[in-house]
Amino acid sequence: MRLLLALASLRRNRARTLLAVLGVAIAAAMLLDMVMLSTGMRESFRQLLLSRGFQMRLTPRGTLPFDTEASIAGATAITDGLRARPEIDLVSPVLGASVHVLRGDSSITTFAVGVDPSAQGDYQLASGRDATAPNSFVANDDFLRATNAKIGDTLRIAAGFDPQLRTHSGERALVLAGRARFLYLAAGQLAIAIPLRTLQEMTGAAREDRVSLFMVRLRDPGRIPDVKRWMRSALPAMDVISTADAMARVDERLSYFRQLSAILGAVSLIVGFLLVTTLVTVSVNERVGEIVVMRAIGVSRAHVVQQIVLEGTAMSVTGALLGTGLGLVTARYLNAILSRFPGLPAAIDFFLFQPRAAWTAIGLLTACGVLAGLYPAWRAASLPLARTLREEAVA
Amino acid sequence: MVALLLALQLRTITIDQRLATDAHLRVGDTAVISATTGTDGDSVTIAAIVGRRADPSEIARSEYRVHLHLDQFQRLIGYGDRVDRFAVSTRGDAAADSAVRAINAAAFGFRAYRSHEIAVETSETFAVVSRFHRAIGVITIVASAVFLLCILLLKVDERRRDVAALRLLGISRRSVMLSVVLEAALVSVIGSGVGVGIGWVTSLAVNWHYQARYQTPLRFALVTGDIVLFAVSLSLVLGIVAGALAARRLVRTHPLVLLGR
Amino acid sequence: MTVLVRARDVRRDYPLERDAVHALRGVSLEIVKGEYLAIVGPSGCGKSSLLNLLGAIDAPTSGTVEIEGRNVGTLGDREVTEFRLKHIGFVFQRFYLLPILTARENVELPMAEAGVPPAERRRRSAELLRYVDLGDRARHRPSQLSGGEQQRVAIARALANRPSLLLADEPTGELDARTGQEIISLFGRLNDDGTTVVVVTHDESLARAARRVVHMRDGEIVQDGVPHG
């Protein structure tokens, strides 16, 4: 009966209820988007970092992976030292460099990673073979589109370019062995992977056996703090970055979005709360007579409160459910805008949908709806019966 | 005395405020700089500490900035007599165009660009953020429009007894409607005025916070005349529409029905 | 004869900013089961205040009101609400039906509150609507009913939980003479069927229909007896 009464009350002013539900839906959509933005970006980055199971990165001191051209010398010895540790499962030394695909008079510049194909964590092979042979490489779709190359083609690739003399250095003929999806690259970025030794020879890094970073996978993630301590003392010229450290740096860089999401999320909640409170208050004021008569004929105070709170809750829940759908659509649109952020891996979703985010948004708004109805409900249920009946009769 | 003589011979560098704070460096201090860790470097004197420019591309970049004399830097990093780019100042806009054309025609191994072409590229981050803000802005405007419409409808609806009384007194539909619409419009304008005030105070807080956070003189939130005009006009239009819709419904309903008889 | 309501030296003051309005100044009254009582008097004489006390809607400033042997002034809000629900039926001048519910649903409301099962509610609401000659109007909303019909639905609602006492405050005040007459005869029929009825009224014909009339003036009972004429 109470639900029937609540729904009937909402139906009484359809236009008003519809507008309120629409308002709550937009607030819910915004709230969901902001919850997704605050948690999704982090989670998406974490998933990306751990996608190949490497929990630690070793970079030249003071740098982030591929942030500068700084490199680490003596890579083979370091790799062997790391692999000798029983806690370490896999070590992937990586060299990053810009290389040029030569085509007659012109060239196409692309990013290249030099890796050990048996231990790499930078790409997933999509088709063809991996770049296991010294004169082979794999490339991403953007590279294939830009160069019109097909698997099996041989391309002339150079590592250095002197702009004044317009000459290339470190040139090699490499065979395209396969197509790969690179995990950490920005959208539209051309990329290839070459066996580490080959790229070192092409760039001249071979002389000092240089690499840009090491990726390390532990057998037991619980040992990260111990291994980190050991690495810091054994390899003082390097920064040891665990997934948690990387997350902290991302948090710092993207703190603006977290703050924005917190502010806009709070504003959405306040708007939803105000909307429902105003509507329920006005609706209650309009039917003080009815409410007092209900109390007079024996309807308990608790039941009057329940019925009015139900009205607010019904509006909030309907709005929140509608808003969830709307929020997912707007999140896709907003994600498309932010995915063009320069330098960020294309695989990062700023708005990652997690069921928890949806439940949080719906839960918060429902709680708001309940709270919003409580005050007007309590006020209405506490009206002095005799006096209000007299006033209503006069009105 | 020896230290003083040594200092006089040293080359000078400038460092940014963050580095000065973090490394406890002051003007006149001596430091050693090198291209790679663990290698020998040059001793230098800190000649100045510089603040960050109001440059969007520098936002959220946490690395330190050091300025060296060109020849010293080239030697330190083994760059030979090479540079990454030249900055060229011209006399006026037309001169810049002809200079770019002339350089590109004669250049061998490099290209000239207008400054704003470079700026577009380097401020891509901000362009993305700006597009994102615009999208959020549109959603916020739709939400506020619905909110405003709802509140104003309620506000006018609240006047049903007054409207009934006026109608029973013989006041024409037109006059009643006008007065209701006028009231809604007035409420909207006063509300948006208060909103502009809150927005202005908020923008001060936002600028204060982010300028301190990113150590930049950039202004992050601006309340401009255009924005104020847009906000006030939007709420005025919404006020009039909501007022007219609600008032039309009220004046078309029989006064006795409005009174609940 | 069983006494159903006993009011003893009841006073009710309404505090104003400086002064107080003395709506009832020591009223004592006994109503026995099966009685049909009308309370009459000029406006502001305290009729409605007395009715509110008899119906446990209000509590006296001093004195006691006992209904079915229980001093209702000492009951807490929850108990007094439940007492009203199960023992007292109210009929108001302006009907106060819930406009969003049908006639049947309005009658069912107090039963739902009292926890009567739905099937029983439905059966009894149909029976009550037939009793007030509105069996065919069960699905109509108040806005689709005339004033007299609305008041009859309100009477059916007041009878929903088989109250021992039916109170009516100016039940014909909003009705024309012919419709008012219908309501008066309905009250007569109810009393004949054993319901104790107390009405507050200005309507002389309604007062005449009662078996006992209490006259009030300035918060006091000035006359208590059978109706004239």
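The values are calculated or read from the model by the stated rules, or taken from the named source; none is laboratory data. Remember, it's a predicted structure, so these values are computed and weren't measured experimentally. Virtual Cβ from ideal backbone geometry, glycine too; neighbours counted across all protein chains shown.
Results, tabulated for the structure shown:
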quantity	calculated
Total residues in the stretch B:194-224, condition away from chain A (no Cβ under 11 Å) and in contact with a Phe, Trp or Tyr (Cβ under 7 Å, 6 or more places away or on another chain)	2
Among residues of the stretch A:11-25, those that are closer than 21 Å to B:Leu258 by Cβ, more than 7 Å from every other protein chain (Cβ to nearest Cβ) and surrounded by 21 or more Cβ atoms within 10 Å (Cβ to Cβ), counted	1
Options A:Val309, A:Val370, A:Val288: the member that is away from every other protein chain (no Cβ under 12 Å) and within 30 Å of C:Phe95 (Cα to Cα)	A:Val309
Any hit, the stretch A:176-193, residues being among the charged types (D, E, K, R) and either more than 30 Å from the chain's Cα centre (by Cα) or in a helix (DSSP H, G or I) (or both)	no
Residue among A:Leu144, A:Leu155, A:Leu125, A:Leu185 that is buried (at least 21 other Cβ atoms within 10 Å of the Cβ) and farther than 30 Å from B:Asp81 by Cα	A:Leu185
The stretch C:90-101: number of residues that are closer than 19 Å to C:Asn52 by Cα and either charged (D, E, K, R) or at the interface with chain A (Cβ under 8 Å from one of its Cβ atoms) (or both)	5
Options C:Leu29, C:Leu54, C:Leu75; residue that is surrounded by 21 or more Cβ atoms within 10 Å (Cβ to Cβ) and either within 14 Å of another protein chain (Cβ to nearest Cβ) or under 21 Å from A:Leu389 (Cβ atoms) (or both)	C:Leu54
Which listed residue, of C:Arg121, C:Arg104, is charged (D, E, K, R) and either away from every other protein chain (no Cβ under 11 Å) or outside any helix (DSSP H, G or I) (or both)	C:Arg104
Test: residue in the stretch C:77-86 that is assigned to a helix (DSSP H, G or I) and aromatic (Phe, Trp, Tyr)	yes
Any hit, the stretch A:53-67, residues being surrounded by fewer than 17 Cβ atoms within 10 Å (Cβ to Cβ), hydroxyl-bearing (Ser, Thr, Tyr) and within 14 Å of another protein chain (Cβ to nearest Cβ)	no
Scope the stretch A:312-330; condition among the small types (Gly, Ala, Ser) and within 11 Å of chain B (Cβ to nearest Cβ); matching residues	A:Gly319, A:Gly323, A:Gly327
Condition check for B:Ala165: farther than 16 Å from B:Ile240 by Cβ, among the small types (Gly, Ala, Ser) and facing chain A (nearest Cβ under 9 Å)	no
Subset of the stretch C:113-166 [farther than 24 Å from C:Glu35 by Cα and polar (S, T, N, Q)]	C:Ser125, C:Ser143, C:Gln144, C:Ser146, C:Gln150
Flag for A:Ala367 being closer than 28 Å to A:Thr277 by Cα, crowded, with 20+ Cβ neighbours inside 10 Å and either in contact with a strand residue (DSSP E or B) (Cβ under 8 Å, 6 or more places away or on another chain) or of a type in the set (A, V, I, L, M) (or both)	no
Positions within the stretch C:87-115 being of a type in the set (A, V, I, L, M, F, W, C) and without any contact (Cβ under 8 Å) to a residue 40 or more places away in the chain, in sequence order	C:Ala112
Conditions (1) within 14 Å of chain C (Cβ to nearest Cβ); (2) under 22 Å from A:Ser71 (Cβ atoms); number of the one not met by A:Ala205	(1)
Residue match in the stretch A:153-169 (condition: modelled with pLDDT of 90 or more and closer than 20 Å to A:Ser118 by Cα)	no
Cβ-Cβ under 6 Å pairs, at least 6 apart or on other chains, the stretch B:115-139 side more than 7 Å from chain A (Cβ to nearest Cβ), far side assigned to a helix (DSSP H, G or I) and at pLDDT below 85	B:Thr122/B:Ser57; B:Ser123/B:Pro56; B:Ser123/B:Ser57; B:Phe126/B:Pro56
Residues being in a loop (DSSP other than H, G, I, E, B) and within 27 Å of the chain's Cα centre (by Cα) - total across the stretch A:114-140	5
Boolean, A:Thr63 is farther than 28 Å from A:Ala331 by Cα, at pLDDT below 85 and more than 19 Å from the chain's Cα centre (by Cα)	yes
Residue, nearest to the chain's Cα centre (by Cα), within the stretch A:231-240, restricted to residues that are crowded, with 16+ Cβ neighbours inside 10 Å and outside any strand (DSSP E or B)	A:Met231
Subset of the stretch A:96-113 [assigned to a strand (DSSP E or B) and farther than 25 Å from A:Arg217 by Cβ]	A:Ser98, A:Val99, A:His100, A:Val101, A:Leu102, A:Arg103, A:Ser106, A:Ser107, A:Ile108, A:Thr109, A:Thr110
Some residue of the stretch A:26-35 being more than 14 Å from chain B (Cβ to nearest Cβ) and touching a residue at least 40 places away in the same chain (Cβ under 8 Å)	yes
Helices (runs of 4 or more DSSP H) within the stretch B:162-261 that include 3 or more residues surrounded by 14 or more Cβ atoms within 10 Å (Cβ to Cβ) and not assigned by TED's automatic domain parsing to the domain that holds B:Val50	B:173-214, B:225-252
Residues located in the stretch A:194-227, provided they are charged (D, E, K, R) and over 26 Å from the mean Cα position of the chain (by Cα)	A:Arg197, A:Glu201, A:Arg207, A:Glu208, A:Asp209, A:Arg210, A:Arg219, A:Arg223, A:Asp226
One residue from C:Gln144, C:Gln181 being out of contact with any helix residue (DSSP H, G or I) (no Cβ under 6 Å at 6 or more places or on another chain) and either without any contact (Cβ under 8 Å) to a residue 24 or more places away in the chain or surrounded by fewer than 17 Cβ atoms within 10 Å (Cβ to Cβ) (or both)	C:Gln144
All positions within the stretch A:255-264 that are under 17 Å from the mean Cα position of the chain (by Cα) and either at pLDDT 85 or above or at the interface with another protein chain (Cβ under 9 Å from one of its Cβ atoms) (or both)	A:Ser255, A:Tyr256, A:Phe257, A:Gln259, A:Leu260, A:Ser261, A:Ala262
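Residue-by-condition table, conditions (1) in a helix (DSSP H, G or I); (2) in contact with a Pro (Cβ under 6 Å, 6 or more places away or on another chain); (3) of a type in the set (Lys, Arg); (4) over 27 Å from C:Arg8 (Cβ atoms):
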residue: C:Glu127; (1), (2), (3), (4): yes, no, no, yes
residue: C:Arg130; (1), (2), (3), (4): yes, no, yes, yes
residue: C:Leu166; (1), (2), (3), (4): no, no, no, no
residue: C:Glu174; (1), (2), (3), (4): no, no, no, yes
residue: C:Glu182; (1), (2), (3), (4): yes, no, no, yes
residue: C:His215; (1), (2), (3), (4): no, no, no, no
